[in-house]
Amino acid sequence: IKRITIIVFILSILIATISLCGLIFSRWLNSANKMTVDIANDISLIIQQQMDSYLTSAWHVNDHNHKLIENKIIDLNDQKQRERFFVSTLASQQEGIYSFSIGFVNGDYHGARRSDDVIQIMRNDLSTDNQSWYYSVNSKLNADQLVVNAGNFDPRTRVWYQEALVNDGPVFSSVYKHFVMEDLSISAAWPLYMDEQLLGVMGCHLLLDDINEQLQDILARYNGHAIIFERESKQLIANSFDQSNFKETNEVLVRSDITDIKQYDFSAVYQAYLNQDENSFINEDKKLIVNVINYQQVGIDWVILSIIPDHYYTSSVYDSVMITIFLIMLIAIITIVVYGYVIDYLFKPLEQLRSAASDFTKGDYQKRVKITRDDEIGSISQSFNSLAAEIAQLIANLEGDVADSSAELKLILNTAAEGIYGIDLNGNCTFCNESAIKLLGYNDQNDLLHKNMHDLIHHHDRNNEPISKTNCLINKAMQENKGIVCDNEVFFKADGTSLLVEYRAYPKTKQEDIVGAVVTFVDISERKQKEAQLAYLNCHDVLTSLKNRRCFENDLKLFDNDKNLPLTIIFGDINGLKLTNDIFGHQTGDNLIKQSAKIIQEASREGDVIARVGGDEFILLLPKTTSEQADEVITKIKNDFAQTQIAAIKCSIALGKSTKEEIKQDIEEVMGEAENAMYRDKTLNRQKVNKDLIYTIIDSLHTNDNNEKEHSIQVRDLAQMMGEALSLSQIELNKLKEAAFLHDIGKITLDKRLLLKKELTPQEYALMQQHPVVGYRILNLFDDMLDLAEYVYYHHEHYDGSGYPIGLKGKQIPLLARIIAIAEVYDRIVNSDKDPSPEIKQAALQVIKDGANTQFDPELARLFYRLMSEE
């Protein structure tokens, strides 16, 4: 009934409204077309006024200034006065005037122009070799710096110059291609005379692209377009289509005409205008409102043609129709709502019957309907009451059966892993399961029944602050009749200790009345402990226990306030970590990182924030610390590093600092400055640090075995002797000495006991054979040791290819490596005895002699034998 009534009503409203709107719409449409024609006429007048302003401003510039020159008020022979004249004149004019100049009868050309809204001075005379030079302007309005050389230029060849002489008076020139700018121009030209002699032609020059922009600005709000063209040639002067008025083909300029604009057929539109008496008209297919005006000046015969789509105002008519439809729909909806209220009132007894049935199904078996009307609805209500009475009797008979089910319910509660208990409106316990008794540390349910659970287990929070019954969430669940979940509070056990729990409290209702609440809870102490551990690991570096980058960035935001100023940041980078990892393994590298973190922590103060933000990078955040105080911390850190050594690596660190002293400083920029300072420190000290590292390694090797130190020195001296005998250059001789001294540096990774053993097992010998490879890797980590690495790598190669590590032979082995090989073997044999006898030395020489062509280079072996025999 409701739907039928509403549909009939809506159809009646729509039919009446559509008829009325059709009549109004037709009248609006006629008015809109007339208004659009008036707008088109106004736009053409605005364009005409704009052209008048644009062109006559240039005309007035010439009109005013030619009198100053011809009356000798301006001395054009005075360069500074002439330049000030041009600059000040151009600066005082609107931006549409591109340049103001004078072309002299002798070909000189002077003036000023605008380039990117900046005025420049033009010179073209013998001093510029008849080329157009453009200068920037200084504060005295004279030429400053040369900025552009535009090439050769003779003003006497330009259209504006020639047409002014032909006209023998002021004139607007024909359109021409500008000498410098990629644009068409028109000039207001004015002949100048001095003592009845022609001095030259004054020109005020305009760019036609500026007119394009003016047309676009005028027509933007009307969605219309306009063009300006020469009446005779139909060639374009300007257009609002953002289309060029010319194009260049093979360096020849071709003017565009009205047929080149493809959006409209302007030729047909203009012909239609010529065939009518009125300036404004609607074209034949009634899609465009057209207005045409002839525009003439001295030397100018143009046509201004503007077009506006006829839907400019008619679109608003359509909008009005849409608004009308919307209002009709709104009225219909309001009508439906009002009608709904009326229907609801009429059918209210049925609603009462439905509500009673709903309450009955929810358990209110005494619910009955009040009968107020003796009609069909009253009859149905009477039938419901009879049925409800019969069902209530049946339910009463079932209550006995329910008692048998209570034991089963109790078993289910006691089986649940969660603690469960119930309370009445006063908070006293009405029941509890076995899990609740066990979790709370009690022996029997009688310890909890009829006790106030808030006072017994929920009286304080986890910070031991009292919880009032008013603020107790469990009580609020009953007061607000909604479930509550909480995982950050504690329940107190029988022995007085607390238990971190997650509990849920739900109100218990009976016949729509709240009679208490049921609470379930579980012990989450272990879960919270794991969450705390995860939170710690999420914020701290596992290796050093310092804060990580994420945590540091949060602290940086917290500390970035005026209370902590001056706020200093120190950026640190451990030197030699890659070397340590590559040589001694990542475990030793980790020890270096942990020792570095310990040194930095000991040097910092209470309240400082320390973070490891990269593999070998640390940041210190020092609140209320001046730059001078930070220097003390840096000094302490560097001194402690200098006294520390990990494995064979002498510890050192590059440090940089920056201080934020004013709150307006960006903290990210301060941190960037600290990092840059650290890199400067690292770069400046790189050579010294590398030298300290390499010699710390060799010193550690020699400390492990004093014989190794003696061996390195002897091999260096023997190699130097051979190098001098071979007349090596001083550079090569220095390389030989350095490589010979460092040839066994790779043994730093070997166990000290292995170095002291006289006889090696096959496995130990295989380890020993790796020391040239390790030495090569070590030296390759230092820029100033790169040229020594290969000699250390190959010093155990044999001349016949039987050596290691890769089996080179003959001259493939570098010369310096072959020299070191001989010196190394000789010294190993001789120094195997603490006090070598002549026989041992002779035996060592014999080994060198016998090894020629197999282990040693034969020529070098003979040379060494001869040198040692002579010695």
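The values are calculated or read from the model by the stated rules, or taken from the named source; none is laboratory data. Please read these numbers as outputs of a predicted model, since none were measured by experiment. Counting neighbours? That spans all protein chains shown, and the Cβs are built from the backbone with ideal geometry, glycine included. To get the accessible areas, we keep the full protein, side chains included, count just its heavy atoms, and leave off ligands, DNA and RNA. Shrake-Rupley method; radii C 1.70, N 1.55, O 1.52, S 1.80 Å.
Before moving on, here are some points about what is shown:
- The set of residues in the stretch 672-687 that are within 26 Å of the chain's Cα centre (by Cα), under 28 Å from residue 581 (Cα atoms) and either assigned to a loop (DSSP other than H, G, I, E, B) or not small (Gly, Ala, Ser) (or both) comprises 675, 676, 678, 679.
- The stretch 697-732, residues that are more than 21 Å from residue 845 (Cβ to Cβ), modelled with pLDDT of 90 or more and buried (at least 18 other Cβ atoms within 10 Å of the Cβ): 728
- The criterion of being in contact with a Ser or Thr (Cβ under 8 Å, 6 or more places away or on another chain) and of a type in the set (A, V, I, L, M, F, W, C) holds for residue 118.
- Residue pairs meeting the criteria (Cβ under 6 Å; at least 6 apart or on separate chains; first closer than 15 Å to residue 106 by Cβ, in the stretch 117-137; second of a type in the set (Ser, Thr, Tyr)): 124/109; 124/132
- Selection from the stretch 807-850 of residues that are assigned to a loop (DSSP other than H, G, I, E, B) and either crowded, with 20+ Cβ neighbours inside 10 Å or touching a helix residue (DSSP H, G or I) at 6+ places or on another chain (Cβ under 7 Å) (or both): 813, 814, 831, 833, 836
- Taking (1) at pLDDT below 90; (2) over 44 Å from the mean Cα position of the chain (by Cα); (3) open to solvent by 60 Å² or more (accessible area, probe 1.4 Å); (4) not hydroxyl-bearing (Ser, Thr, Tyr) in turn, residue 217 satisfies each apart from (2).
- Residue satisfying condition, being basic (Lys, Arg) and either over 28 Å from residue 771 (Cα atoms) or in a strand (DSSP E or B) (or both), within set 657, 709: 657
- For residue 327, the test of being open to solvent by less than 80 Å² (accessible area, probe 1.4 Å), at pLDDT 75 or above and either touching an Asp or Glu at 6+ places or on another chain (Cβ under 6 Å) or not β-branched (Val, Ile, Thr) (or both) is failed.
- All positions within the stretch 193-232 that are small (Gly, Ala, Ser) and touching a Ser or Thr at 6+ places or on another chain (Cβ under 7 Å): 203, 224, 226
- The set of residues in the stretch 499-519 that are in contact with a helix residue (DSSP H, G or I) (Cβ under 9 Å, 6 or more places away or on another chain) and of a type in the set (Ser, Thr, Tyr) comprises 503, 506.
- Residue match in the stretch 566-576 (condition: in contact with a strand residue (DSSP E or B) (Cβ under 8 Å, 6 or more places away or on another chain) and at pLDDT below 85): yes
- Subset of the stretch 466-481 (residues that are within 26 Å of residue 529 (Cβ to Cβ), open to solvent by less than 60 Å² (accessible area, probe 1.4 Å) and not in a loop (DSSP other than H, G, I, E, B)): 473, 474
- The residues listed here are 804, 776, 793, 765; of these, the one that is in contact (Cβ under 8 Å) with a residue 24 or more places away in the chain and surrounded by fewer than 17 Cβ atoms within 10 Å (Cβ to Cβ) is 804.
- Taking residues in the stretch 479-500 that are under 16 Å from residue 467 (Cβ atoms) and touching a residue at least 24 places away in the same chain (Cβ under 8 Å), and partners anywhere that are of a type in the set (Gly, Ala, Ser) and loosely packed, with under 14 Cβ neighbours inside 10 Å, the pairs with Cβ atoms closer than 9 Å and at least 6 places apart or on different chains are 499/525; 500/525.
- Inter-residue pairs, beta-carbon under 8 Å, first without any contact (Cβ under 8 Å) to a residue 40 or more places away in the chain and farther than 22 Å from residue 632 by Cβ and in the stretch 550-568, second of a type in the set (A, V, I, L, M, F, W, C) and open to solvent by less than 40 Å² (accessible area, probe 1.4 Å), 6+ apart: 550/539
- Identity of the residue in the stretch 338-377, under 60 Å from the mean Cα position of the chain (by Cα) and at pLDDT 75 or above, that ends up most open to solvent (accessible area, probe 1.4 Å): 338
- Residue list for the stretch 779-790, restricted to those being touching a residue at least 60 places away in the same chain (Cβ under 8 Å) and open to solvent by 20 Å² or more (accessible area, probe 1.4 Å): 781, 783, 784
- Residue list for the stretch 604-614, restricted to those being surrounded by fewer than 17 Cβ atoms within 10 Å (Cβ to Cβ) and farther than 15 Å from residue 675 by Cα: 605, 606, 607
- Any strands (runs of 3 or more DSSP E) falling wholly within the stretch 133-243 and containing at least 2 residues that are out of contact with any helix residue (DSSP H, G or I) (no Cβ under 7 Å at 6 or more places or on another chain) and not β-branched (Val, Ile, Thr): 143-152, 197-207
- Here the condition is being in contact with a strand residue (DSSP E or B) (Cβ under 9 Å, 6 or more places away or on another chain) and open to solvent by 20 Å² or more (accessible area, probe 1.4 Å); of 108, 75, 117, it holds for 108 alone.
- Applying the set (1) of a type outside the set (Phe, Trp, Tyr); (2) in contact with a strand residue (DSSP E or B) (Cβ under 9 Å, 6 or more places away or on another chain); (3) within 30 Å of residue 299 (Cα to Cα) to residue 145 leaves exactly one unmet item: (3).
- For the stretch 79-91, the condition of being in contact with a strand residue (DSSP E or B) (Cβ under 7 Å, 6 or more places away or on another chain) and part of a strand (DSSP E or B) holds for none of the residues.
- Residues located in the stretch 773-786, provided they are within 19 Å of residue 585 (Cβ to Cβ) and part of a helix (DSSP H, G or I): 773, 774, 775, 776, 777, 778, 779, 780
- If the condition is being surrounded by 13 or more Cβ atoms within 10 Å (Cβ to Cβ) and within 12 Å of residue 518 (Cα to Cα), then the stretch 482-507 contributes 484, 503, 504, 505, 506, 507.
- Taken residue by residue, the stretch 197-208 has no member that is open to solvent by 20 Å² or more (accessible area, probe 1.4 Å), modelled with pLDDT under 85 and not hydrophobic (A, V, I, L, M, F, W, C).
- Some residue of the stretch 580-593 being open to solvent by less than 60 Å² (accessible area, probe 1.4 Å) and within 29 Å of residue 669 (Cα to Cα): yes
- Residues of the stretch 660-671 satisfying the condition of being touching a residue at least 24 places away in the same chain (Cβ under 8 Å) and either buried (at least 21 other Cβ atoms within 10 Å of the Cβ) or part of a loop (DSSP other than H, G, I, E, B) (or both): 660, 661, 662, 663
- Just one of the listed residues (677, 597, 630) is without any contact (Cβ under 8 Å) to a residue 60 or more places away in the chain and either aliphatic (A, V, I, L, M) or open to solvent by 20 Å² or more (accessible area, probe 1.4 Å) (or both), namely 597.
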